[in-house]
1. Which entries in the list Lys95/Lys126; Lys70/Lys110; Lys92/Lys119; Lys56/Lys222 go over 18 Å, if you measure between the two C-alpha atoms of each?
2. How far is helix 152-168 tilted off the main Cα axis of the chain, in degrees rounded to 10, range 0 to 90?
3. Work out how much length Lys74 to Gln103 would gain on full extension: take 0.36 nm times their residue separation and subtract the Cα-Cα distance, in nm to one decimal.
4. How much length is gained on full extension from Lys52 to Lys4, taking 0.36 nm per residue of separation minus their Cα-Cα distance?
5. How far is helix 90-104 tilted off the main Cα axis of the chain, in degrees rounded to 10, range 0 to 90?
6. Among the trypsin sites (Lys or Arg not before Pro) within the stretch 6-67, which fall in a DSSP loop and have no more than 10 other Cβ atoms within 10 Å of their own Cβ?
7. Could you work out the percent of alpha carbon pairs in the stretch 3-229 separated by over 27 Å, rounded to a whole number?
8. Report, to the nearest 10°, how far helix 230-246 tilts away from the longest principal axis of the Cα atoms in the chain, using its own Cα long axis and a range of 0 to 90°.
Amino acid sequence: MNSKIKKILLKKNKSKIVSLTAYSKSFAKILDKYCDIILVGDSMANVLYGHKNTHKLNMKNIIQHTLSVKMGVKKSLLVVDMPKGSYSNSKKALKNAKLIINQTKADAVKLESNNSNFKIIELLVKKNIPVMGHIGYTPQFKKKFKIEGLSEKETYSLLKEAESIEKAGAFSIVLECLTTHAARLISSKISIPTIGIGSSSYCDGQILVTDDMIGLSGFYPKFIKKYANLERIIEKATKKYTRDVKLVKFPSKKNFLNGPRFR
Ligand code: KIV
């Protein structure tokens, strides 16, 4: 087993797993110092490409961004989201998961669960491709956002889904927008780590979309904590630059390239 995955598994019930998303080298290089897991999430469809959902993202997009992220990652486990439609049957799933892993040298792929694609997880794991599962609000399959696990019946169904994913061989599961009760129950019943987003602190780790966490996406629902306001910082810097260019304050003499001795 990949030693980075072993490290993640050992954290269950010991220390919290820290994860964030990245779509480029510059971000990955910073996050890598602190994160256990970096996810090249298909959330890039919304965050970077401005799509209204994640459905149009394709293999080429995800591979391209993973190649960039990979350059910034040294120690974190690099997980890549499989785009919608790329794992709709076993043959497709295996071909595309192999393409992602072989071309990018990422450590694992993440698949959203539709409560029936457990055999696909099983096949990928059998072929030595580590898989992270994803249950609850799964934007590739669910049309409308809804908190998951609001009834006992739904909570039981989510638990069964998580258990099936564990049984299929996944090394961890993202729990997205589950009630506190459902997240706590699932995290206590399964033996692989749960990574929560909008699912309380009763998970083995947490993940956020980095652009939300740093105030760059404009998307701030209750479950997100904005740790910085990069939109404001970038705007301030751009305003200053604009003023300097207009007043011919930039470039100043110290920025001029006079002859061969620059830098
Ligand atoms: O695509 C993504 O960023 C994700 C996280 C929200 C878990 O799947």
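A short reminder: the numbers here are calculations on the coordinates, not readings from a lab. Only a predicted model underlies this, so the values are computations on that prediction, with no experimental measurement involved. Here the Cβ is made from the backbone with ideal geometry for all residues, glycine too, and neighbour counts use every protein chain on show.
1. Listed pairs above 18 Å: Lys56/Lys222.
2. For helix 152-168, the angle is close to 80 degrees.
3. On the way: separation 29, 0.36 × 29 = 10.44 nm, distance 1.71 nm.
Contour length minus the Cα-Cα distance gives 8.7 nm.
4. 13.9 nm
5. 30 degrees
6. Lys14, Lys33, Lys52
7. Numbers: 6412 of 25651 pairs.
When every Cα pair of the stretch 3-229 is considered, 25 percent fall beyond 27 Å.
8. Tilt relative to the chain: about 20 degrees.
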